[in-house]
Structures are given as structure tokens and as C-alpha cells.
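Beneath this line is the structure, given in C-alpha cells, with notes to follow.
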Amino acid sequence: NISPISHSLTHSDKHKHRNKMAKSPETEHPNKAFGWAARDKSGLLSPFHFSRRDNGENDVTVKILYCGVCHTDLHTIKNDWGFTYYPVVPGHEIVGIATKVGKNVTTFKEGDRVGVGVITGSCQSCESCDQDLENYCPQMAFTYNAIGSDGTKNYGGYSETIVVDQRFVLRFPEGLPSDSGAPLLCAGITVYSPMKYYGMTEPGKHLGVAGLGGLGHVAVKIGKAFGLKVTVISSSPSKEDEAINRLGADSFLVSSDPRNMKAAIGTMDYIIDTVSAVHALFPLLSLLKVNGKLVTLGLPEKPLELPIFPLVLGRKMVGGSDVGGMKETQEMLDFCAKHNITADIELIKMDEINSAMERLAKSDVRYRFVIDVANSLSPP
Amino acid sequence: KLPSSAYINWDTYCPSIRPGLWLLSLSPQSASRSYSYFTSPMAKSPEEQHPVNVVGWAAEDSSGVLAPINFSRRATGEKDVTFKVLYCGICHTDLHQIKNEWGNTIYPVIPGHEIVGVVTEVGGKVLKFKVGDKVGVGCLVGSCHSCENCANDLENYCPKMILTYNGIYHDGTPTYGGYSNIMVCDESFVISIPENLALDACAPLLCAGITTYSPLRYFGLDKPGMHVGVVGLGGLGHVAVKFAKAFGVKVTVISTSPDKKIEAIDRLGADSFLVSSDPDQMQVAMGTMDGIIDTVSATHPLLPLIGLLKSHGKLVMVGVPEKPLELPVFPLLIGRKLVAGSAIGGIKETQEMIDFAAKHNITADIELIPMDYVNTAMERLMKTDVRYRFVIDIGNTLKH
């Protein structure tokens, strides 16, 4: 049983949830809310009426301006991983304005520009939480498709407003645009955190980025900001021009070209692997130097094949990472503001979301859709 | 689907083992034949290559049957140490190689890379050793001495590293291992054996010892109070337990054989024992280990082992299954865990490991055998019927 949110849906939580489910999504909380939800594994999103809790003393209420469309949203609405609890309102790259703050909230005031990312809850008292690693807390709750601390289901950012405990709200730095900065709340931290943790930031070293999508293009920018030499590894030769001229990568490797791949063997210190489909690790591991590190961030449905010889003979490693803690996410936002790093986005209206999801399934986007929530989401 | 030998891209990892050969296009059998140094009419036979007559036991083909062979070694060069071999450990790699399981064996092959003995001659420029010293040689006898890895005392990761046997030396001749009466080795690859270590029982440390010591150190699994699992209780596994205990680490042995429990705990000092085929035991132990050293070379599932790790835990492979294993990605991400590999260690670290073993009285648990028992020993090793390393009593039983 490897469901990543099984810990946030314990038996007692589900029991509480079932009790609360005697009330409908519209009535379980006192404040009417509106968003778009998927109701089944067709993944089709459509208008959805639900409700949000009152702003508690530790809470911040956010009027949502923009919400990025993460590939996880697509996996979740289609129940690719088998643990979606419908109806699901996705969205965990949220930027908005604080409209209410509870009386215990000191770091934010009304009118502040804030962000909400992948996590909106944790136990706040375990070793992981004490070390600012809320993302590894066993009681960690995701922004959507998880059970919150009050036993009700969390609904995400494809909606007008969201109410979040202050610990999980981020200050959006001056100079970081709300629309193109929104994807950093997932894509940015997902790449930044393992680069710091696994020591992949030494200037002058050589980073390979496998896959040039939402995560990959941000990885290139962050890698360059750390002073690394960056090579994009992709199966699509057509992305080379952009990778080099627009994103600033130093070189481009077509993974399906055996001669190019062979020439690059043993040249990289680090690889960030963002590919979410099942794919071969062996060619990527060959690209690493001795003691090289590969971090895998995509979430394929099936296990990957791991050849052991290259790991052993080269003392190489394959590691995972899952977003980041709140302190580190704030650090990442400030880092990106300082280095002018934003995502390359395509702004869409809420009612274009279904065709955007179809295009995302074919990786037809340069490189993140962002929903213009405030200007396009209105109750019918 | 590529043959499993395709994953062992020797050309990339150890060019000195298969210079110039792109493995993918060859079957193991034809590769070995075409590689056979001795079908070339210009090549000299093993007896004629060098001036010093030596005896050993070799396998001539992939049946892996070992038999006496007369061959030769080079005269002691100015940086060489020559020693009379007293003992040689039998490593599972020896078994893999004599049977050509990795598709890269050059026949005849004389295995053995856990070699200890007494120095009989040193070259004019040798500084660290003198006649009468007790010395050992492990898996390496050469490297380039000029790359970044060599400069960092990581000769075991040098792209031109030369293995003690089944390799090609700087002079172009094949290297022959420790199932022989005399060994000649460059000083910089010779290990000094401290007085208080029993020679026969410390021989296996030269491979099994360093193979487990190095990753415990490198991956930081050596801090007192940590909890480390050891998968597989064989040559590597039993030494891993001893080193980990000496570091002050809590050790759990993970094994498919319940009958190894008593030994693991009473004799080797492990703190607990987990039967990996028992789902209840495995469930209780989930999320309890800082690291795991996996010594198993057969194909086996990684998912349960990854589950045993705490968040930020590390699974280190030191056994080498030929075929790829399934890597479930979700658990790696959710717990920020990693899977890594490690191969022996550099010479400096090997010496450090031997000195550490001497200080903490760590030796291998061995079964000493005469040379002519070696084929039976190999059969038993295949069935893992040994507690926990065979060591050949070369000095007393290898006859001319």
C-alpha cells in the first residue's frame, strides 16, 4: 500500500469524513464557495458549488487571482494513481490577496499578496514539522484531495477563495508577478528543494534536466541561477531552440539519438529527471559521472527499471523528493524574485480548462497553463 | 529486450576490462571467445609471458571447473612488492567470473582478490614495505594515477582501474589473482596487515570488508544510535554487521532464512532479525531504519526495503544483480529516500578499514579449506552453504 495520501486519510479520518458527508459539499461549511471540479475519472471539470469554513483565528482567507495547472492535477482528476476522492477541485499553485486574517495571524494582513502551494496542513508538532519539513510529516495534508484537520475534504485553487492556516501561506515577494510566479509554488519548490538537499548547487558543475515541461523548464532557470552548466535531455528535437535561446540552457541532448547520448556518457554531475511517463533510467545513469546524483521527480504509474551495475560501479544514486517545507518554499520564492525567475506560462480562462488538460496530456504547452481565476471564474 | 549483459556496459565503466568492445552487439560466448588473448598466434601462453614461474588454479571455460595451472609472473619491478601467498578468500565474484556470468571472462582465469601473505622481495623504489612484512592485496592492482578519482584516493572509480584478476595490466598482459603461490603487485595497491589480525580470517576483509565499510562511511550510516539494516547474511552481510556494530549502530539483519537468526544475534551481535518473507514482521519494522546495506545479488524486490527506511533514508546496493530491479518511484518521493550503489573502496580507505578492523578485533567468520577442495567449495557457495566465507589455505596446500 503505497498511496501517498493514505496517511492523511486514516481510518478515523475517513470515519469523520463519512459523518461529515451526511452534509453535502455545499452545506458542510458556513460560507458558500464556487469552483470547478471533476466528478469521475473522465476527468472532465465543470462548475461546482461547495463551501468553505469560517476564517479561524490562525487562518488567512485568500481571494484567488491565479492558479497554475500542474500535471498532478491531471493525474488526480483522471484517478491515474487510484486514490482520488471525487468530486475533486484541483489546484495547488495559488496566488491571491488576503481578505481576512485571524486574530493570531501576525505575518500577514489584509491586502497582502500571498501564495498557497501543495500543502495546507500538518501536525505541527512532530520532528519533521519542527525541522521545517512539513512535507514529510506523517499527518501532512495536501491542498486538495486530502482530509483537513477538521475532518472535511480539502478543495484546491480552481475556485474563488481558499481558507488556509497561516503556517501554510506564503508571502509573495515584491517583483515576482502573480501570474507567472504562481507555478513556482509547486514546480519551483519541487526542483529547488532536492537541488539543495542533495547538494546539486556547486557552481561550475554540470546539471542535466530530463524532460522539458513545467518542472523541467523551471529546473533549467534555477540551475542557471545556481551557476551550473545545464544540458536539457529531451525526446523532442524541436525543443532545442527554445531550450538554448529562451531558457538559457547550455546544450541540448536528444535522448533518442544513441550517438549523441554515447558522446555524453559520464559528463554530468547531477540529473533532475522530471519525466512522468515510465522511461528508461539506464541511459540517464550512464550520463552521470562517478558519484553522480539523479533525482527523480516525475510520478509514473508503474515502477521504473533500475539497473544496479551502473549504481554500484559508479557509486551513483537515485533519490526522490516531494515539494518542500514552508520555510524552504518561502526561501525559494525569494530566490526566484532575486534572480528574476518566473515560469513561462499560457494564461487561460476557467472554461478553457478541459481543452487545456487535453493539451497537457500531449505536453502541448510552453510550459505551464495558469488559470486567470479572478477574471474568468464566475458562478453561473 | 536487451540481454542482461547489455546492462553491464563494461566498455563504459571499466575500459581496461574490455577495451574497445561495444558489448551490445555480442553474445557472452562469442565475446569471450573473440576476446581470448590466447587464440592469437602472436600471443604467448600464460607460462611464457613472464620470467617467474608460478603455480595456481584456473578455470579454462565457463563450466567454471578449476584445475592446477603453471603460469608466470613478472619479475619484481622497482615499485613492486612480491609476496608468498598464504591465504586467499573465495568471493562470490570469483564464482560469477569463472562461469562467465557477466560475459567478460578471459580464459584461463585465475581468480582470487582477498589475498594475504608475507613479503619475499621489494623493488628498489619501494618505501612502505620490507621483506617479512604481512601484506594483502584486494580487488585492484592498478589505476591511471592521474584522473580526478585517483587524485581523491578513489582508484576504485578510475575509468582505467585494473582488477586483480581478469583484467589487463599496464604491460598488456592479463592479470591473475590469488589462487596462486606468489603475487607481484605495485606498492601503491598493497595493504599492510597489522600484527594482531589473524591472517586467514582477515583475508576476506580485503573485498567483503571494504565493500561494506566504504558505504557505511560515505553515506553517513556510521553514527552511534542510528539504525541500519543488512540484507543478506553471507560473506558481505556478516562483515557489514560487525562493522556497523563497531560504529555503535543498531543493526537489524534482514534475511529470507529464519534459521540464521540465532547466529545473527548471538554470534555476530546483530540487535534484531527480520524475516523478509514474513509480511507481519516487515510491516511492524516499516519506517524504522536510517539506512540499509543490501548485499543480495539475486533479483529481489526493492519496495519492501524502501518501506523499511525512515524518511530521508538510504538504501545502498553492494550486491550486483545482473538484471535491473523494479524501482517504485512513489515511496522514494514521499519519503525523500534514495537508492545508491557502492563498489569496494580506494586503497587509502582499504588500509583505514584494515586498521579499524585490527583495532576492533573484526575478522571474517571463515571455513579454511585445502586448495583441492575449491570446486566443492564453489558448489556449496552457489547454494550459500558456508558460514560465511571460504578461505583457501594456499601456503599449506597449493602444491607445485
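The values are calculated or read from the model by the stated rules, or taken from the named source; none is laboratory data. Everything quoted here is computed from the prediction, not taken from an experiment. Positions of Cβ are backbone-derived with ideal geometry, glycine not excepted, and every protein chain shown enters the neighbour counts.
Observations
- Of the residues making up segment A:197-211, at least one is in contact with a Lys or Arg (Cβ under 9 Å, 6 or more places away or on another chain), of a type in the set (Gly, Ala, Ser), outside any helix (DSSP H, G or I) and touching a residue at least 60 places away in the same chain (Cβ under 8 Å).
- When segment A:109-153 is filtered for residues that are more than 20 Å from residue A:85 (Cα to Cα) and of a type in the set (A, V, I, L, M), the ones remaining, listed by number, are A:114, A:116, A:133.
This table checks each residue for (1) buried (at least 16 other Cβ atoms within 10 Å of the Cβ); (2) of a type in the set (A, V, I, L, M).
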{"residue": "A:215", "(1), (2)": "yes, yes"}
{"residue": "A:220", "(1), (2)": "yes, yes"}
{"residue": "A:234", "(1), (2)": "yes, no"}
{"residue": "A:237", "(1), (2)": "no, no"}
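- Looking only at segment B:380-400, and only at residues there that are in contact (Cβ under 8 Å) with a residue 12 or more places away in the chain and in a helix (DSSP H, G or I), the one that is surrounded by the most Cβ atoms within 10 Å (Cβ to Cβ): B:394
Quick grid of which residues meet (1) surrounded by fewer than 21 Cβ atoms within 10 Å (Cβ to Cβ); (2) more than 14 Å from chain B (Cβ to nearest Cβ); (3) in a loop (DSSP other than H, G, I, E, B); (4) among the aliphatic types (A, V, I, L, M):
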residue	(1), (2), (3), (4)
A:324	no, no, yes, no
A:329	no, yes, no, no
A:337	yes, yes, no, yes
A:340	yes, yes, yes, no
A:346	yes, yes, no, no
A:353	no, yes, no, yes
A:365	yes, yes, yes, yes
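- Hits in segment A:266-284 (condition: more than 10 Å from chain B (Cβ to nearest Cβ) and outside any strand (DSSP E or B)): A:267, A:274, A:275, A:277, A:279, A:283, A:284
- Odd one out for residue B:319, checked against (1) within 10 Å of chain A (Cβ to nearest Cβ); (2) crowded, with 19+ Cβ neighbours inside 10 Å; (3) assigned to a strand (DSSP E or B): (3)
- All positions within segment B:128-143 that are under 13 Å from residue B:188 (Cβ atoms), assigned to a loop (DSSP other than H, G, I, E, B) and away from chain A (no Cβ under 13 Å): B:128, B:129, B:138
- Selection status of residue B:24, at pLDDT below 95 and either assigned to a strand (DSSP E or B) or of a type outside the set (Val, Ile, Thr) (or both): yes
- Reported count of residues in segment A:286-315, each being facing another protein chain (nearest Cβ under 7 Å) and either in contact with a Pro (Cβ under 6 Å, 6 or more places away or on another chain) or among the acidic types (Asp, Glu) (or both), is 5.
- Residue that is surrounded by the most Cβ atoms within 10 Å (Cβ to Cβ) [pool: residues in segment B:153-162 that are within 10 Å of chain A (Cβ to nearest Cβ) and either touching a Lys or Arg at 6+ places or on another chain (Cβ under 9 Å) or without any contact (Cβ under 8 Å) to a residue 40 or more places away in the chain (or both)]: B:156
- Any hit, segment B:183-195, residues being at pLDDT below 95 and more than 22 Å from residue B:388 (Cβ to Cβ): yes
- Set B:340, B:377, B:358: member being touching a residue at least 60 places away in the same chain (Cβ under 8 Å) and facing chain A (nearest Cβ under 7 Å): B:340
- Each residue in segment B:65-85 was checked for being in a loop (DSSP other than H, G, I, E, B) and either touching a helix residue (DSSP H, G or I) at 6+ places or on another chain (Cβ under 7 Å) or at positive phi (or both), and 2 of them qualify.
Condition check ((1) at pLDDT below 95; (2) touching a helix residue (DSSP H, G or I) at 6+ places or on another chain (Cβ under 8 Å)) across all residues:
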residue: B:160; (1), (2): yes, no
residue: B:180; (1), (2): no, yes
residue: B:248; (1), (2): no, no
residue: B:258; (1), (2): yes, no
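- When the residues of segment B:86-127 are filtered to those that are charged (D, E, K, R) and outside any loop (DSSP other than H, G, I, E, B), the one that is nearest to residue B:181 (Cα to Cα) is B:121.
- Test: residue A:148 is modelled with pLDDT under 95, in contact with a strand residue (DSSP E or B) (Cβ under 9 Å, 6 or more places away or on another chain) and surrounded by fewer than 24 Cβ atoms within 10 Å (Cβ to Cβ): yes
- Counting the residues of segment B:230-274 that are over 27 Å from residue B:344 (Cα atoms) and of a type in the set (A, V, I, L, M) gives 1.
- Any pair with Cβ under 8 angstrom, 6 or more apart, that starts in segment A:285-297 at a residue that is in a loop (DSSP other than H, G, I, E, B) and ends at one that is modelled with pLDDT under 95: A:297/B:333
- Taken over segment A:212-236, the criterion of being under 21 Å from residue A:298 (Cα atoms) and either more than 22 Å from the chain's Cα centre (by Cα) or assigned to a loop (DSSP other than H, G, I, E, B) (or both) is satisfied by A:212, A:213, A:231, A:235, A:236.
- Residue under evaluation residue A:348, criteria (1) under 25 Å from residue A:118 (Cβ atoms); (2) β-branched (Val, Ile, Thr); (3) in contact with a Gly (Cβ under 9 Å, 6 or more places away or on another chain), criterion not met: (3)
- Scanning segment B:348-374 for residues that are under 24 Å from residue B:92 (Cβ atoms) and surrounded by fewer than 17 Cβ atoms within 10 Å (Cβ to Cβ) gives B:367, B:368, B:370, B:372, B:373.
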